[in-house]
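Novice: This is the structure I have questions about; it appears just below.
The values are calculated or read from the model by the stated rules, or taken from the named source; none is laboratory data. Remember, it's a predicted structure, so these values are computed and weren't measured experimentally. FYI the Cβ positions are ideal-geometry reconstructions off the backbone, even for glycines, and counts take in every protein chain you see.
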Amino acid sequence: MKRRSGHRARLTLSPNQVAKLDEQAHAARALWNLLHEWWTLLPKHKRTLAAANAAIRQARKDIDWLAVLPAQAAQAVLRTYHQAWTNCWKGLACAPNFKARFRTPMSVDITQERRMRIVRVHRRWGMVTIPKVGRVRFRWTRDLPIGRHADEGNRVTGARLIKDALGWHIAFRVQTAHLRPGVHPGPEVGIDLGIAVPLALSDGTEFHHGDWLNDKEKATLLCLEQHAARRKQHHKPGEKTSRRLQHTYDQMAGLRARAKRRALDWQHKTTTDIAERYGTVVVEALKITNMVASARGTVDQPGKNVAQKRGLNRSISAESWGRMIGMLAYKTVRRGGTLHKVPAPGTSQRCSACGATTPGSRQSQARFVCKNTGCGWSGNADHNAARNILHLYRIGLVAVPAAGRCSRQAHKRVKPATAR
């Protein structure tokens, strides 16, 4: 079977090349906005890809600064815009809108692999040709199917240039051919996602991580936040941000991007380890959007413990449970395993030994002592929840996504995929 994946690498650019890529990214964003305005003003019976293609070609002739964007990248903007409307019509996403200058990630598409001419020049470096920019070095951290290793099933189909707080990166679109995996022989495991213990497994295994920034980086970030707050006090509403304040914001974004990359690295390594060891992975069907809702309330009915709830929301968002579950989903499938979701209510209050839910059993964040008469089981609260999660799967109570655009979950009893 053919598998499509991505590989992201950091580019090493000169100041002149950075300026050229910035111009291309701004031209791509402006072309999107022009296309969106043209599309929404036309009658519905005239909205066709052929008409949009002709309009883009004419706009590139009439507007000089649009010529900095390669023709293939302009066509990629059209395809992406049309796909956005297709997803909207299918109920998978909202309708596309205008892209703001400072809130939109800067990106440029390279649609043809033959124009990139990817070569490996060193053990740690590769070279790629970017249209209208030239030859650029990138960090070689993964083997790509190029040269004699490339064929119809294994090749690089394209790439996208993306800019974040750490600079410009290139994300290769890679297509590889693999044999369909057999059934994973590993055991079943339930996973409880938490904050104090990020991942607690039903077999007693725990996965921990430290802070994403060290003490020096935390102090630097705090100092930058204080500088930004003081400088912002002297700006009037609607006044343009000064270069000094914008430079402070860029430094803060760089530190936060570094923390995010370390978190991604830990999540990838952890989920890969779990997917290789276990054949069936069971997690909770968490409604994370509801869990991180604000407790501020209204003017008539103000909320309670707003500051504490705000801190809890930040901790939940920092763990990125949804991203973790998404990684587990595709990694287990690639190795022949399966991922299942079970309803979340009651998993941390129920005793995994006797099955009773008794008030007061959860004594603390890490301690569970069953108050049911005749049981008295005690153990780690997170491991108890993980065992309950696995039990719900074994009795056939899994969460089935409801049909339609809404992400609500319907609970249904089904037969487990395997009986171990």
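Novice: Under 6 Å between Cβ atoms, at least 6 apart or on separate chains: pull out the pairs that start in region 184-198 with a residue that is touching a residue at least 40 places away in the same chain (Cβ under 8 Å) and among the small types (Gly, Ala, Ser) and end on any residue that is buried (at least 20 other Cβ atoms within 10 Å of the Cβ) and part of a loop (DSSP other than H, G, I, E, B).
Specialist: Gly186/Tyr278; Gly186/Gly279; Gly190/Ser202
Novice: Of all residues being assigned to a helix (DSSP H, G or I) and out of contact with any Leu (no Cβ under 9 Å at 6 or more places or on another chain) in region 239-252, which is surrounded by the fewest Cβ atoms within 10 Å (Cβ to Cβ)? Just the residue, please. Spell out the reasoning first.
Specialist: Here is the first cut: in region 239-252, the residues assigned to a helix (DSSP H, G or I) are 243-252.
Those left that are additionally out of contact with any Leu (no Cβ under 9 Å at 6 or more places or on another chain): 243-247, 250.
On the way: Arg243: 8, Arg244: 11, Leu245: 17, Gln246: 13, His247: 11, Asp250: 11.
The residue in question is Arg243.
Novice: Right, something else. Would you mention how many residues in region 85-110 are touching a residue at least 12 places away in the same chain (Cβ under 8 Å), within 18 Å of Ala25 (Cα to Cα) and out of contact with any Phe, Trp or Tyr (no Cβ under 7 Å at 6 or more places or on another chain)?
Specialist: Final tally of qualifying residues: 10.
Novice: Considering only region 235-285, state which residues are touching a Gly at 6+ places or on another chain (Cβ under 6 Å) and of a type in the set (Phe, Trp, Tyr).
Specialist: Correct list: Tyr278 only.
Novice: Here's a follow-up. Could you check region 153-186 and list, in sequence order, the residues that are more than 27 Å from Arg10 (Cβ to Cβ), among the small types (Gly, Ala, Ser) and crowded, with 17+ Cβ neighbours inside 10 Å?
Specialist: Gly186
Novice: Yes or no: Asp203 assigned to a loop (DSSP other than H, G, I, E, B), over 21 Å from the mean Cα position of the chain (by Cα) and acidic (Asp, Glu)?
Specialist: So Asp203 fits the description; yes.
Novice: Go through region 320-332 residue by residue and tally those that are touching a residue at least 60 places away in the same chain (Cβ under 8 Å) and either exposed (fewer than 15 other Cβ atoms within 10 Å of the Cβ) or farther than 19 Å from Leu264 by Cα (or both).
Specialist: Total meeting the criteria: 0.
Residue-wise test of (1) under 14 Å from Ala196 (Cβ atoms); (2) in contact with a Phe, Trp or Tyr (Cβ under 8 Å, 6 or more places away or on another chain).
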| site | (1), (2) |
| --- | --- |
| Cys354 | no, yes |
| Pro359 | no, no |
| Arg362 | yes, yes |
| Arg367 | yes, no |
| Thr373 | no, no |
| Ser378 | no, yes |
| His383 | yes, no |
| Leu390 | no, no |
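Novice: If we scan region 394-411, do we find a residue that is over 29 Å from Gly91 (Cα atoms), surrounded by 15 or more Cβ atoms within 10 Å (Cβ to Cβ) and at pLDDT 85 or above?
Specialist: Residues of region 394-411 that are over 29 Å from Gly91 (Cα atoms), as a first pass: 394-396.
Restricting the remaining residues to those that are surrounded by 15 or more Cβ atoms within 10 Å (Cβ to Cβ) gives 394.
With the extra rule that they be at pLDDT 85 or above, the set shrinks to 394.
Checked against the condition, which is being over 29 Å from Gly91 (Cα atoms), surrounded by 15 or more Cβ atoms within 10 Å (Cβ to Cβ) and at pLDDT 85 or above, region 394-411 yields at least one hit.
Novice: If you take the residues of region 286-310 that are under 29 Å from the mean Cα position of the chain (by Cα) and of a type in the set (S, T, N, Q), which of them is surrounded by the fewest Cβ atoms within 10 Å (Cβ to Cβ)? Full working, then the answer.
Specialist: Let us first name the residues in region 286-310 that are under 29 Å from the mean Cα position of the chain (by Cα), namely 286-296, 306-310.
Imposing the further condition that a residue be of a type in the set (S, T, N, Q) reduces the set to 289-290, 294, 308.
Details: Thr289: 9, Asn290: 7, Ser294: 10, Gln308: 10.
Here the answer is Asn290.
Novice: For region 1-89, please list each of the helices (runs of 4 or more DSSP H) lying entirely inside it that holds at least 1 residues being touching a Gly at 6+ places or on another chain (Cβ under 9 Å) and surrounded by 13 or more Cβ atoms within 10 Å (Cβ to Cβ).
Specialist: Once the helices (runs of 4 or more DSSP H) in region 1-89 are filtered for at least 1 residues that are touching a Gly at 6+ places or on another chain (Cβ under 9 Å) and surrounded by 13 or more Cβ atoms within 10 Å (Cβ to Cβ), what remains is 15-41, 71-89.
Novice: Can you tell me which residue within region 99-136, out of those that are of a type in the set (Lys, Arg) and within 28 Å of the chain's Cα centre (by Cα), is surrounded by the most Cβ atoms within 10 Å (Cβ to Cβ)? Reasoning before the result, please.
Specialist: Keep residues of region 99-136 that are of a type in the set (Lys, Arg), which gives 99, 101, 103, 114-115, 117, 120, 123-124, 132, 135.
Add one more test, that the residue is within 28 Å of the chain's Cα centre (by Cα), and what stays is 99, 101, 103, 124.
Working: Lys99: 15, Arg101: 10, Arg103: 6, Arg124: 10.
Applying the filter and picking the extreme gives Lys99.
Novice: Residues of region 311-368 being within 18 Å of Glu284 (Cα to Cα), more than 20 Å from the chain's Cα centre (by Cα) and among the basic types (Lys, Arg), which ones?
Specialist: Arg350
Novice: Just to confirm my filter: which strands (runs of 3 or more DSSP E) fall fully inside region 308-396 and include at least 1 residues that are of a type in the set (D, E, K, R) and farther than 30 Å from Met1 by Cα? Don't jump to the end; show me each part of the working.
Specialist: Numbers: elements: 338-342, 367-369, 378-380.
It comes to 367-369.
Novice: Only one of (1) surrounded by fewer than 14 Cβ atoms within 10 Å (Cβ to Cβ); (2) of a type in the set (Lys, Arg); (3) modelled with pLDDT of 90 or more fails for Arg277. Which number is that?
Specialist: The number of the failed condition is (1).
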